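Structure, as structure tokens:
Derivation of every value follows stated rules applied to the coordinates shown; laboratory data play no part. These numbers come from a predicted model, not from an experiment. No Cβ is skipped: glycine too gets one built from the backbone with ideal geometry, and neighbour counts run over all protein chains shown.
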Amino acid sequence: MKNKLLILTFSIVAIFALWVLLEMHPKQPRRVECLGGDELSAPVFILPDLNGEKVDLRSFKGKIIVIEFWATWCGPCREAIPYLNELHRKYQKDGMVVIGISLDQGDPAKVRNFLKKLGVEYLNLMGDDTVWEAYNNIEGLGLIRGIPTTFMVDRKGRICYRFVGLTSKRVLEEAVQSLL
């Protein structure tokens with residue numbers, strides 16, 4: 001009887017540990033059918049850049065937009081920066097724009113200095129709860145469980161990809177190429 005109880009306890013603990021690990025591991029990149037049919041599905045926002053100038057998502061109409069939610073304290077976010085820089089350099093001439101949305105609270109100068117040290121070349125904005133909630137609650141995508149989270153928007157303004165967690169350069173580039 002003691003052995004059965006021990007085996008049962010061990011099994012329950014092992015199943016729970018496996019469940020926790022699966023929940024903590026970044027989900028696989030998710031390709032979605034471009035949401036919204038012919039209509040805009042990417043929530044529109046107007047956010048300040050790191051100098052306080054307002055940037056309207058609608059000003060990028062007709063472009064492929066890579067939107068990355070990130071923060072300075074996020075290790076995987078820092079790892080993604082070189083990939084995003086490379087995409088920016090390689091595809092901006094083809095009508096693609098990368099927009100980082102910092103979820104850091106406080107002084108944009110701190111974020112600006114952080115990005116300068118890392119040599120970030122693409123546009124970065126200061127996010128807020130409203131934009132995070134808008135992208136977190138897009139019907140059909142489910143909740144965002146972590147950062148970095150990257151959305152890829154086609155030229156019609158439809159979200160076509162969502163990647164949660166650090167995503168390889170190859171996967172990001174394949175997604176961009178499919179939208180070109």
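Before moving on, here are some points about what is shown:
- Within the range 49-63, residues that are on the phi > 0 side of the Ramachandran plot have Cβ atoms under 9 Å from residues that are surrounded by 12 or more Cβ atoms within 10 Å (Cβ to Cβ) and part of a strand (DSSP E or B) in these pairs: G52/M126, counting only partners at least 6 apart in sequence or on another chain.
- Among residues of the range 143-180, those that are basic (K, R) and either surrounded by 22 or more Cβ atoms within 10 Å (Cβ to Cβ) or in a strand (DSSP E or B) (or both), counted: 1
- Residue pairs whose Cβ atoms lie under 8 Å apart, sitting 6 or more positions apart in sequence or on different chains, and linking a residue in the range 86-103 that is outside any strand (DSSP E or B) to a partner that is surrounded by fewer than 21 Cβ atoms within 10 Å (Cβ to Cβ) and basic (K, R), are E86/K169; L87/K169; G95/K63; G95/R155.
- Contact map, the range 169-180: residues that are touching a residue at least 12 places away in the same chain (Cβ under 8 Å) and closer than 15 Å to D154 by Cβ paired with residues that are surrounded by fewer than 16 Cβ atoms within 10 Å (Cβ to Cβ) and acidic (D, E), Cβ distance under 7 Å, separation 6+ or inter-chain. Pairs shown: L180/D94.
- Some residue of the range 126-139 being within 13 Å of the chain's Cα centre (by Cα), assigned to a helix (DSSP H, G or I) and within 26 Å of E174 (Cβ to Cβ): yes
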